[in-house]
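Peer 1: To start, I am sharing the structure in question, which I have written as structure tokens.
The values are calculated or read from the model by the stated rules, or taken from the named source; none is laboratory data. If you're wondering where the values come from, they're calculated on a predicted model, not measured in any experiment. Please note: Cβ atoms are built from the backbone with ideal geometry, for glycine as well, and neighbour counts cover all protein chains shown. Please note that ligands, DNA and RNA were not included when accessible areas were found on the heavy atoms of the full protein model with its side chains. Shrake-Rupley method; radii C 1.70, N 1.55, O 1.52, S 1.80 Å.
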Amino acid sequence: MKALTDDKIIAVGVCGMGGIGKTSMVRHVAAQACRNGTFNHWIMAVVSQNLDLKKIQGTLADLLGIKFVEKTEDGRAARLHNEIMKKEKLLIIVDDVWERTELSKIGIPTYNELQKCKSKVLLTTRRLNVCHAMKCHKQISLKALSDQDSWTLFVRNARRSFESPTFVNVAKKVAGECKGLPIALIAVARALGDKDLAEWDKAAQRLEKSQSANPDHEEDAFKCMKLSYDYLKDEEYKSFFLLCCLFPEDHVINIEDLFRYAIGIGLFRDAETIYEARGTAYTVVKYLIDSSLLLESDLPYRRVRMHDVVRDTALNISKSEGGHRFLVKAGCGLDDWPSRLLLDEGCTAISLMHNRIRELPPHLVCPKLQILSLSHNDELRVIPETFFQSANELRVLDLRDIDISLLPQSFGLLTNLRALYLDCQSLTDISMVGKLTKLEVLRMQYVRLKELSREIGNLTNLRVLDVTDGYIYKIPSKLLSKLHSLEELYLRCRFVDWGSKVDGEGDETNSAFDEVTGLSKLRILHVWIYNEECIPKLVERNPNWVGFYIYIGKDEERLSDVYESYRHDDTDQRTIFLKLDSISNFPDWFFNTVIKKAEKLVRWYNCPQTSLIDVFVEYERGSLHSLKHLTVDGTGDYEPMNTSKWVPKGIPKKKTWVPKEPLFENLEELYLLRLDCAELCAVEFLPPGSLSNLKFLDIESCYNWGNVVLPSILLERLPNLEELKCSSMDEIEYVFRYEALLETEQSKLRKIVLFDLVTVRSIREGPTPPAMFQNLQTLSIKWCNLEGSLFTYDVAQCLSQLNFLELHQCPLLERIVEASNKKIILPRLKKLTLTKLPVLYYESATFDIKCPSLEELKLWYCPKFSVSVPDFHSEKQVQLHDTPP
């Protein structure tokens, strides 16, 4: 921290052995340095042993909020250089540097250039000489923890007390063998936490026997990681863990990839279904994370990471025991096939993924090989015809993102193959795959084949077929019905017209949807369907789909948008998209299997007269009771309706129909887009309990809503509402209206986002209950014509939880809080953004808002706001952004 505040020091090097805590330390320091105002922002990229400029540049670009249009490394470097030089007080962390690296090749300016904009570089390395080579102005060595700190960390992660002095002594002996390495202390403590004294004593002896000659060497970390590995529950856990080291260092690993590899080599065979096996796999992942053998990823959507010390340990284990013999050169920048592989016949797994290999040897001579990954070698265009002719036990073959157009004839010899990845856009013929009759997992994402080969029908043991986002338009009739072992089918591709005649093929038809419904083992279905006519009226038995993603309606441009929006959802989601006017035409079995079980419904309408009320009617008819997420998008042309009575379709207009039971009791998220909401006044007729669990409400571009977003009658129906978003509504004058000062329970509303409400005048009309805003944490208002003051004095007094306030381009807003003689305190406000507010008026002498927790103030284009940072009376160091980007 001291080095970072020294103006003469621009580059700081932090060195120490693997697992000592360098990365954790610099992340902590960076966050603290930004909180106290030393820096405005920090960004971080990992270099690793194999320099990947494109990956590093992409990471920095994401963190800087820019998108590259440049195609070359030099072009991207120049763009990064310019963007960094625009910043002031930026801390750039370059993590895990192994040798002298030209930062300018990445796009990081020189130290002299960085000094001009008060920015600095902080790098981490295992090697002290790297600090010298990188000309760091300050070198800081992280040492092992002291005995006392080691014991404190150890006990905290063991999560137990030790019952006797004898037990304490043994535990301290174990902790001592970790040599003060945080990564080892945490892993061993978690591995032994629930074990008895005898196990602890045994572990102490094992660690002592494996003592390395050099106590500061990374062997100390390896032996502790090995102990944690040894204490895994069973061999399946160990095998699953070792699969992680096949991926490149610092790689974000998709758990689904791990799972499908595991299925390929025969793990989780005790599970009766793929769905059940996946659940077991996620249990294993959680256990490995809890054991500190895996790390949660910064990215969402079921990803994990592996610390490089743990990965090195896994690689060592994979070379030395249990019949494993991995050769891993993933992400090493290889241009050629490793010569060692021409002589080594004992490999059980080979990973050459993420390289630049252009040519393969004539023969693959590895008779014990079970896993081969050549994925992401995009310059590889040919697999030699004889490559697979030697005998082997290959179970998993990963050929994702290689540029081959044909499969070799020897491909048909892979008769033991269980899992195959063929995400190859240039492939023109996959008929050879039909010979792999033991195949259980086949993935062909992004393939540009127009037709699913008939030979796929030979794969009677296939359990997972995944052609997500492909260009397949034709599936021959009776092909899918042959796959009677199929449990998961992912057909989110261009194929939508089930059972239709094939152009130019006489009487030949595409596969009919009853082939899918007839697959008795099918549990997961992701599919697109042209219309409800494709769905059979009768089925022999109702399918048992535990997860589904079904889009009904033809609109290819919309399909792509939808897929991109939801592609990361869980495999077991229950989602249905309808570009239909009604769901009344679906057969009973489809209602029971899909509609009644759906948790997420997204509806696009062709008919502009369709309204939200029709969805309410469908709910009462018993079809949508499981919904947690509902999107209703009236994408038809606006034809505003004058009626204000609830007269749903199919109900005689002379009668008023009122629901008898509560509606949408389980609904948590409601999105309303481009709808005619003239009938929304019918909400006052909703029985108590309707919408009672709604947490998120998003209203966009709706019309005939009225002039208030949430009047009292609607607010009473939404006791659990936490987030409100309203945008692009031309009639809205107020967000809330209270006819009287209601005696209500404290509101749970914690986030309000208002965007592009050109007619809005104020947040509230009439009196506001004191409890209304007591939980509000975030308020963002952009492009709204709010008049006068944002808050009354009484309302401002209730904002005890507000931590983020953003006001942008509100040309009529004069004050944040109405003028008074009393001081308003916003005790938790951390970030305040005031931009493009031409008449917002405050002077320092009369400024009546105190923000003791303020950490960041963004102030642009507010000519009448003559208040400076000290006037907020913050007890924190405040970052001031007063210059637009």
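Peer 1: What accessible area per residue, rounded to a whole number of Å², is obtained for the stretch 24-152 using a probe radius of 1.4 Å?
Peer 2: 53 Å²
Peer 1: Label Val546 and Lys438 with points 7 Å out from Cα along Cα→Cβ: what is the distance between them in nm?
Peer 2: 2.6 nm
Peer 1: What FRET efficiency do you get for Ser297 and Thr415 if R0 is 30 Å and r is their Cβ-Cβ distance, rounded to the nearest 0.05? Before the final figure, lay out each step's value.
Peer 2: Values: r = 36 Å, r/R0 = 1.21.
Working from the Cβ atoms, E equals 0.25.
Peer 1: Sticking with this one: Given a 1.4 angstrom probe, I'd like the percentage of the accessible area of the stretch 273-430 that is carbon and sulfur, rounded to a whole number.
Peer 2: After summing per-atom areas, the C and S share lands at 48 percent.
Peer 1: Considering only Val615, Leu538, Leu790, whose Cα is most displaced toward the positive end of the charge dipole of the chain, charges sitting on Cβ of Lys, Arg (+1) and Asp, Glu (-1)?
Peer 2: Of the options given, the answer is Leu790.
Peer 1: Still on this model: Please report, as a whole percent, how much of the solvent-accessible surface of the stretch 70-217 comes from carbon and sulfur atoms (probe radius 1.4 Å).
Peer 2: The value for the stretch 70-217 is 48 percent carbon and sulfur by accessible area.
Peer 1: Also, quick follow-up: Given R₀ = 22 Å, what would the calculated FRET efficiency be for Gln205 paired with Arg160, taking r from the Cβ atoms and rounding to 0.05?
Peer 2: 0.60
Peer 1: Among the trypsin sites (Lys or Arg not before Pro) within the stretch 262-297, which fall in a DSSP loop and have no more than 16 other Cβ atoms within 10 Å of their own Cβ?
Peer 2: Details: sites: Arg269, Arg278, Lys286; in loops: Arg269.
Those satisfying the criteria are Arg269.
Peer 1: From the Cα trace of the stretch 140-285, what convex hull volume per residue do you get, rounded to a whole Å³? Write out the running numbers ahead of the final one.
Peer 2: Working: hull volume 21.1 nm³, N = 146.
Taking the convex hull of the Cα positions in the stretch 140-285, it is 144 Å³ per residue.
Peer 1: Averaging sequence separations of C-alpha pairs under 8 Å and six or more residues apart, then dividing by the length of the chain, give the relative contact order as a whole percent. Intermediate results must be reported in sequence, preceding the final value.
Peer 2: Details: 2013 pairs, mean separation 41.0, N = 885.
Averaging sequence separation for qualifying contacts and normalising by length gives 5 percent for the chain.
Peer 1: Separate question: Nearest 20 debye, what's the magnitude of the dipole of the chain about its Cα centre given +1 on Lys and Arg Cβ and -1 on Asp and Glu Cβ?
Peer 2: 1860 debye
Peer 1: Here is a further query. Please list, or write none, the aspartates and glutamates whose alpha carbon is within less than 12 Å of the alpha carbon of Lys474, excluding same-chain residues fewer than 8 places away.
Peer 2: In chain and number order, the partners are Glu451, Asp497, Asp503, Glu505, Glu508.
Peer 1: Express the carbon and sulfur contribution to the solvent-accessible surface of the stretch 458-544 as a percent, rounded to the nearest whole number, probe 1.4 angstrom.
Peer 2: Looking at the stretch 458-544 in its full context, I get 42 percent from C and S.
Peer 1: Let me ask something else. Report the FRET efficiency, 1/(1 + (r/R0)^6), for Gln148 and Arg621, where r is their Cβ-Cβ distance and R0 is 56 Å, rounded to 0.05. Walk me through the numbers before you get to the answer.
Peer 2: Numbers: r = 68 Å, r/R0 = 1.22.
The calculated FRET efficiency here is 0.25.
Peer 1: Something else about it: At 222 nm, what value in deg cm²/dmol follows for the chain if DSSP H runs of at least 4 each add -39500 (n - 2.57) and the sum is divided by all its residues, to the nearest 500? Don't jump to the answer; show the numbers that get you there.
Peer 2: Values: 20 runs with 197 residues, N = 885.
One gets -6500 deg cm²/dmol as the mean residue ellipticity at 222 nm.
Peer 1: With each pseudo-label sitting 7 Å past Cα toward Cβ, what's the Asp7-Gln49 distance in nm, one decimal?
Peer 2: Output for this residue pair reads 4.3 nm.
Peer 1: Right, next: At 7 Å along the Cα-to-beta-carbon direction for both Ser477 and Asn36, put a label point, then send me their distance in nm to one decimal.
Peer 2: 7.7 nm
Peer 1: Something else now. Please compute one quarter of the surface area of the Cα convex hull for the chain and express it in square nanometres. Working shown, then result.
Peer 2: Numbers: hull surface 171.7 nm².
Averaged projected area of the chain's Cα convex hull equals 42.9 nm².
Peer 1: Shifting gears a bit: List the GluC sites (Glu not before Pro) in the stretch 96-185 that DSSP assigns to loop (not H, G, I, E or B) and whose Cβ has at most 14 other Cβ atoms within 10 Å. Which are they?
Peer 2: Glu99, Glu102, Glu163
Peer 1: Could you report the stretch 395-447's accessible area per residue, 1.4 Å probe, as an integer in Å²? It would help to have the intermediate numbers written out before the result.
Peer 2: Numbers: 1540 Å² over 53 residues.
Accessible area per residue: 29 Å².
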